[in-house]
1. Please verify whether segment 108-120 includes one or more residues that are assigned to a loop (DSSP other than H, G, I, E, B), surrounded by fewer than 18 Cβ atoms within 10 Å (Cβ to Cβ), within 11 Å of the ligand (Cβ to nearest atom) and not aliphatic (A, V, I, L, M).
2. For segment 251-290, how many residues meet the condition of being outside any loop (DSSP other than H, G, I, E, B), aliphatic (A, V, I, L, M) and over 17 Å from Leu212 (Cβ atoms)?
3. Go over the candidates Val72, Val63 one by one and state the one that is over 26 Å from Met229 (Cα atoms), surrounded by fewer than 18 Cβ atoms within 10 Å (Cβ to Cβ) and within 16 Å of the ligand (Cβ to nearest atom).
4. Condition test on Asp31, is it charged (D, E, K, R) and either in contact with a helix residue (DSSP H, G or I) (Cβ under 7 Å, 6 or more places away or on another chain) or near the ligand (Cβ under 10 Å from one of its atoms) (or both)?
5. If you take the residues of segment 180-233 that are over 23 Å from the mean Cα position of the chain (by Cα) and of a type in the set (Asp, Glu), which of them is nearest to the ligand (Cβ to nearest atom)?
6. Report yes if some residue within segment 77-86 is touching a residue at least 60 places away in the same chain (Cβ under 8 Å) and within 8 Å of the ligand (Cβ to nearest atom); otherwise report no.
Amino acid sequence: MYAQLVDTGTTGVKSLQEMSAEERAFQEKIDAEIKIEAKNWMPEAYRRTLIRQISQHAHSEIVGMLPEGNWVTRAPTFKRKLQLMAKIQDEAGHGLYLYSAMETLGADRDDEIERLHRGEVKYSSIFNYPTLNWADMGTIGWLVDGAAIVNQVALQRTSYGPYSRAMIRICKEESFHQRQGYEILLTMMREGTDEQKAMVQDSINRFWWPSLMMFGPHDSDSPHTGQSMAWKIKRHTNDELRQRFIDQTIPQLEFLGCTVPDPDLKWNEARGHYDFGEIQWEEFYQVLKGNGPCNRERLRTRKNALDEGAWVREAAMVYAKKQQQKQQQNAA
Ligand code: BYC
């Protein structure tokens, strides 16, 4: 794999000859599928790439709670409300595992959260779109968690041990989320009124293209893919995973009896894959720059949550210090 990347002219990836002895030993370990652990030597750029990706991933889980939180008070039944709350709590848990995995690389959680709040680091573009109707809760579970799973199943085999182990548990929970989302939509399509069926189609129309954007830019425009593939942080490229997601999602879409807003979508027998239209990349880059429909609102909500929770953290610190003093007095 590594030699192939060099041969195909991927820029910025060192050849084995250009590496120091330490870097070569590291690369050979990666090539032999031996996991890198927190205390092992690693190139500084590998560490920084992982902190960037894992922190972005953790922030996505935490910010990703907000579009769904919008519907907790308006879920149509008590059962749906409980399911939605459980899903959102799982996402908080995913964020916490991921921040912990990031800390094993020497990054500071509070610093990274501050950088998020200053708008210096990214989180998944998808969470900058609003949730306008109840069907959006189904679509987020089915399409957004569905896209996240395709990406995260591959990340279970990522080369950094703590990240790959966090992914195993996260994937189990995500596949449950995906099914609950699909079941919401199936219920609305099978038992709903015409208006409710129209809500499902409207929701798919709004979330289809942003879900495809979750996989990132085309491989040819992705600055990090070459090196991340060589280090096996990424096991598949952005375009490969996007295609895999489309291929597995379209039969589910047909079973629902819905369509996607892409006139170019069609099965290509020769390729054995669906062909699809071009993503509006200008929209994607605008969202990344902070100009999506909800970017400002999302960051404002997160900052307020941190400020309003300050007294809880302070109280916990005072209590912990008092407990520590008591233990020291007892031990003396
Ligand atoms: N949104 O060279 P590239 C969930 C950035 S949450 C925003 O391809 P890379 C859920 C990229 O960071 C699941 N930014 O980068 C939660 C880079 O910017 P910087 C979230 C994006 O890292 C609640 C630049 O564009 N999943 O499941 O090799 C409810 C160039 O891109 C996006 C993860 O985070 C985007 N869509 O590949 C429901 C998975 N795409 O850092 C569900 C972990 C690209 O140079 N992350 N960028 O400023 C990854 O697998 C990889 O980081 C990506 C991008 C495939 C996303």
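Taken together, the values in this text are just the output of simple stated rules run on the coordinates, not laboratory data. Here the structure is a predicted model, which is why all the values come from computation and not from measurement. Virtual Cβ from ideal backbone geometry, glycine too; neighbours counted across all protein chains shown.
1. Taking segment 108-120 first, the residues assigned to a loop (DSSP other than H, G, I, E, B) are 108, 118-120.
Next, only the ones that are surrounded by fewer than 18 Cβ atoms within 10 Å (Cβ to Cβ) stay: 108, 118-120.
Filter once more, keeping what is within 11 Å of the ligand (Cβ to nearest atom): 120.
Right, trim to not aliphatic (A, V, I, L, M) and you get 120.
Yes, that holds for at least one residue.
2. Here is the first cut: in segment 251-290, the ones outside any loop (DSSP other than H, G, I, E, B) are 251-256, 266-268, 273-275, 281-290.
In the following step, the residues that additionally are aliphatic (A, V, I, L, M) were identified as 253, 256, 287-288.
Checking the rest, the ones that are also over 17 Å from Leu212 (Cβ atoms) come to 256.
The qualifying residues number 1.
3. Numbers: Val63 fails: surrounded by fewer than 18 Cβ atoms within 10 Å (Cβ to Cβ).
The unique qualifying residue is Val72.
4. On the way: charged (D, E, K, R): yes; either in contact with a helix residue (DSSP H, G or I) (Cβ under 7 Å, 6 or more places away or on another chain) or near the ligand (Cβ under 10 Å from one of its atoms) (or both): yes.
Yes: the conditions hold for Asp31.
5. First pass over segment 180-233, keeping only residues over 23 Å from the mean Cα position of the chain (by Cα): 186-202.
From what's left, of a type in the set (Asp, Glu): 191, 194-195, 202.
Values: Glu191: 25, Asp194: 29, Glu195: 26, Asp202: 19 Å.
Top of the filtered list is Asp202.
6. Of the residues in segment 77-86, the ones touching a residue at least 60 places away in the same chain (Cβ under 8 Å) are 80, 83.
Within this subset, residues satisfying the condition of being within 8 Å of the ligand (Cβ to nearest atom) are none.
Checking segment 77-86: not a single residue is touching a residue at least 60 places away in the same chain (Cβ under 8 Å) and within 8 Å of the ligand (Cβ to nearest atom).
Yes/no matrix, rows are residues, columns are (1) crowded, with 21+ Cβ neighbours inside 10 Å; (2) among the small types (Gly, Ala, Ser):
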site: Ser55; (1), (2): yes, yes
site: Thr77; (1), (2): no, no
site: Leu96; (1), (2): no, no
site: Lys122; (1), (2): no, no
site: Ala135; (1), (2): yes, yes
site: Val144; (1), (2): yes, no
site: Gly161; (1), (2): no, yes
site: Met167; (1), (2): yes, no
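Results for (1) part of a helix (DSSP H, G or I); (2) of a type in the set (Val, Ile, Thr); (3) over 26 Å from Ile184 (Cα atoms), shown as yes or no for each residue.
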site: Ile30; (1), (2), (3): yes, yes, yes
site: Ile34; (1), (2), (3): no, yes, yes
site: Tyr46; (1), (2), (3): yes, no, yes
site: Arg52; (1), (2), (3): yes, no, yes
site: Ser55; (1), (2), (3): yes, no, yes
site: Ser60; (1), (2), (3): yes, no, no
site: Leu66; (1), (2), (3): yes, no, no
site: Lys79; (1), (2), (3): yes, no, no
